[in-house]
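Colleague: To start, I am sharing the structure in question, which I have written as structure tokens.
The values are calculated or read from the model by the stated rules, or taken from the named source; none is laboratory data. In this text the structure is predicted, and so the values were computed from the model without any measurement. Cβ placement follows ideal geometry from the backbone for every residue including glycine, while neighbour counts extend to all protein chains displayed.
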Amino acid sequence: MKRIAILTSSRADYGIYFPLLKALKEDAFFELKIIAFGTHLSPFHGYTVNQIENDGFKVSYQIESMISGDSPNAISTAMALTSLKFADFWKEHKKEFDLVFCLGDRYEMFAAVTAGIPFDISFAHLHGGERTLGAIDNIFRHAITLSSKVHFVSCKEHGERVSELTQSKDNIHDIGALSLDNLTLLSLLSKDDFFKRFGVDLNLPTILITVHPETVAPEINYINIEVLADTLLELHKYQVIITLPNADTNSTIIRRRLLQLPDQSNNRIYCFENMGSPCYFTAMKYCFFLLGNTSSGIIEAASFRKYVINLGNRQEGRKKSLNCFNIPFNKELIFKTVTKIEDCPTYKGVNIYFKGNAAKNICSILKTS
């Protein structure tokens, strides 16, 4: 039996992990332990540790490390607190895991991983080698890569970048995007069930939106969110589903403005803290297009044949399929791009991140390594 731990700090990484968690749980070769921390344990962000347990997984460890506030000082303090908490955790539990999975580029994931370096914890990193030049997460991602001994990347180019960073070609596996396994695993809702649950009629033309702050130049977020708000209030023929941002520097600026929009839109705009993966993908399936700067637009939307208006610099540098229109936060350009999508609403190209059976392939690699 191989003892595998999963570090999960938010609703976002949990949704990506889900196929792997399911595969590990169902395979007697593995002993699975889930370590939940970050916004999973924050009532302000929906206390999403409940979602993990409701899906039938046992959360073995809960580590509280979030603080209120989203200023640079608050984020830095949260990183320090997370690192401090995990210093004690790794000291106590370092011999319990053969491999610990970490994912992506979040600051709290960075803190948890770097705290494990002196204890020689064996980390396996998912989604290394990518670039998001408009976010400080880019730094965290590469640091997590350098802290890890095994790498599961989403495409060949990202594997090559991991090799450059680590100065080694060993233990780098191109398995595609793990989250795309969800397209066959998750049971999506019907339009009627979605309406009963959220009060949103997906028969109407709908825009699905997630916007996160640009953390490389945080002062620009004040301008960006006002441009987006003004644009949404003028897109009268569409209803809008908004999922609120993660905990990042200046995320409160964006969150506060978005929460004002339902009252300003005659009930045409809806905001949700956390819809859960099945409901979020249901909205993606039936929406007209996506708008914002979230990685789900880059990775999953192409598999739903949806176009994406990718705004600003947060995802700059990330490899994209041809369904993405990359434009600045500019009302006129957004309207022009919406018109382009209306002329040809179905994306007919490929998803460059899809390989299939990513979770199964990871398990096979773990058994032979």
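Colleague: Looking at Leu81, Leu133, Leu99, Leu103, can you tell me which residue is touching a strand residue (DSSP E or B) at 6+ places or on another chain (Cβ under 6 Å) and closer than 18 Å to Asp248 by Cα?
Modeller: When all the criteria are applied, what remains is Leu103.
Colleague: The conditions are (1) modelled with pLDDT of 95 or more; (2) aliphatic (A, V, I, L, M); (3) more than 16 Å from the chain's Cα centre (by Cα); (4) closer than 23 Å to Ala358 by Cβ, and Leu7 fails exactly one of them. Which is it?
Modeller: Evaluating Leu7 over (1) modelled with pLDDT of 95 or more; (2) aliphatic (A, V, I, L, M); (3) more than 16 Å from the chain's Cα centre (by Cα); (4) closer than 23 Å to Ala358 by Cβ leaves (3) as the failure.
Colleague: If you don't mind, another one. For segment 161-185, which residues satisfy the criterion of being under 30 Å from Thr282 (Cα atoms), of a type outside the set (D, E, K, R), part of a helix (DSSP H, G or I) and touching a residue at least 12 places away in the same chain (Cβ under 8 Å)?
Modeller: Result: Leu178, Ser179, Leu180, Asn182, Leu183, Leu185.
Colleague: Which of the numbered conditions does Ser187 fail, given that it passes all the others? Conditions: (1) in contact with a strand residue (DSSP E or B) (Cβ under 7 Å, 6 or more places away or on another chain); (2) more than 18 Å from Val308 (Cα to Cα); (3) among the small types (Gly, Ala, Ser).
Modeller: Condition (1) is where Ser187 drops out.
Colleague: Sticking with this structure for a sec: Is it true that Asn326 is in contact with a helix residue (DSSP H, G or I) (Cβ under 9 Å, 6 or more places away or on another chain), of a type outside the set (A, V, I, L, M) and outside any helix (DSSP H, G or I)?
Modeller: When the stated conditions are applied, Asn326 does not pass them.
Residue-wise test of (1) in contact (Cβ under 8 Å) with a residue 40 or more places away in the chain; (2) in a loop (DSSP other than H, G, I, E, B).
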residue	(1), (2)
Asp70	yes, yes
Thr77	no, no
Leu84	no, no
Phe97	yes, yes
Cys102	yes, no
Glu108	yes, no
Ile121	no, yes
His125	no, no
Glu130	yes, yes
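Colleague: List every residue pair whose Cβ atoms sit under 7 Å apart, with the two residues 6 or more apart in sequence or on different chains, where the first one lies in segment 192-216 and is in contact (Cβ under 8 Å) with a residue 24 or more places away in the chain and closer than 17 Å to Ile341 by Cβ and the second, anywhere, is β-branched (Val, Ile, Thr) and assigned to a strand (DSSP E or B).
Modeller: Correct list of pairs: Thr206/Ile241; Ile207/Val240; Leu208/Ile241; Ile209/Val240; Ile209/Ile241; Ile209/Ile242.
Colleague: Would you say Leu188 is touching a Leu at 6+ places or on another chain (Cβ under 8 Å) and either assigned to a strand (DSSP E or B) or modelled with pLDDT of 95 or more (or both)?
Modeller: no
Colleague: Could you check how many residues of segment 1-44 are surrounded by 20 or more Cβ atoms within 10 Å (Cβ to Cβ) and assigned to a helix (DSSP H, G or I)?
Modeller: Residues in segment 1-44 being surrounded by 20 or more Cβ atoms within 10 Å (Cβ to Cβ) and assigned to a helix (DSSP H, G or I): 16 in total.
Table: residues versus (1) among the polar types (S, T, N, Q); (2) assigned by TED's automatic domain parsing to the domain that holds Lys85; (3) more than 21 Å from the chain's Cα centre (by Cα).
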site	(1), (2), (3)
Gly104	no, yes, no
Asp120	no, yes, yes
Gly129	no, yes, no
Asp137	no, yes, no
Thr145	yes, yes, no
Val153	no, yes, no
His158	no, yes, no
Arg161	no, yes, no
Asp170	no, yes, yes
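Colleague: When you go through Asp98, Asp55 one by one, which is the residue that is closer than 15 Å to Gly276 by Cα and surrounded by fewer than 18 Cβ atoms within 10 Å (Cβ to Cβ)?
Modeller: Asp55
Colleague: Filter segment 250-274 down to residues that are buried (at least 22 other Cβ atoms within 10 Å of the Cβ) and touching a Phe, Trp or Tyr at 6+ places or on another chain (Cβ under 9 Å), then give me how many there are.
Modeller: Selection size over segment 250-274: 1.
Colleague: What residue, of Lys367, Lys360, Lys306, is farther than 27 Å from Val100 by Cα and modelled with pLDDT of 95 or more? Reasoning before the result, please.
Modeller: On the way: Lys367 fails: farther than 27 Å from Val100 by Cα; Lys360 fails: farther than 27 Å from Val100 by Cα.
The match here is Lys306.
Colleague: Suppose we filter Ser163, Ser190, Ser168 for residues that are of a type in the set (Gly, Ala, Ser), under 23 Å from Ala124 (Cα atoms) and loosely packed, with under 13 Cβ neighbours inside 10 Å; which single one remains?
Modeller: Matching residue, one of Ser163, Ser190, Ser168: Ser168.
Colleague: Do you know which residues across segment 296-306 are out of contact with any Lys or Arg (no Cβ under 6 Å at 6 or more places or on another chain) and surrounded by 24 or more Cβ atoms within 10 Å (Cβ to Cβ)?
Modeller: Gly297, Ile299, Glu300, Ala301, Ala302
Colleague: Further question on the same structure: Quick one: which of Lys340, Lys319 is at pLDDT below 95 and more than 25 Å from Thr282 (Cβ to Cβ)? Before the answer, list the steps.
Modeller: Values: Lys340 fails: at pLDDT below 95.
Answer to the selection: Lys319.
Colleague: Quick one: which residue in Leu291, Leu322 is of a type outside the set (S, T, N, Q) and either more than 22 Å from Ser154 (Cα to Cα) or outside the structural domain of Ile220 (by TED's automatic domain parsing) (or both)? Before you say what the answer is, go through the steps one by one.
Modeller: Values: Leu322 fails: either more than 22 Å from Ser154 (Cα to Cα) or outside the structural domain of Ile220 (by TED's automatic domain parsing) (or both).
Checking each option against the conditions leaves just Leu291.
Colleague: Do any residues in segment 322-337 that are of a type in the set (S, T, N, Q) have Cβ atoms under 7 Å from those of residues that are assigned to a strand (DSSP E or B), where the two are at least six apart or on different chains, and which pairs are they?
Modeller: Close Cβ pairs satisfying both conditions: Asn323/Val308; Asn326/Asn310; Thr337/Ile309; Thr337/Phe325; Thr337/Ile327.
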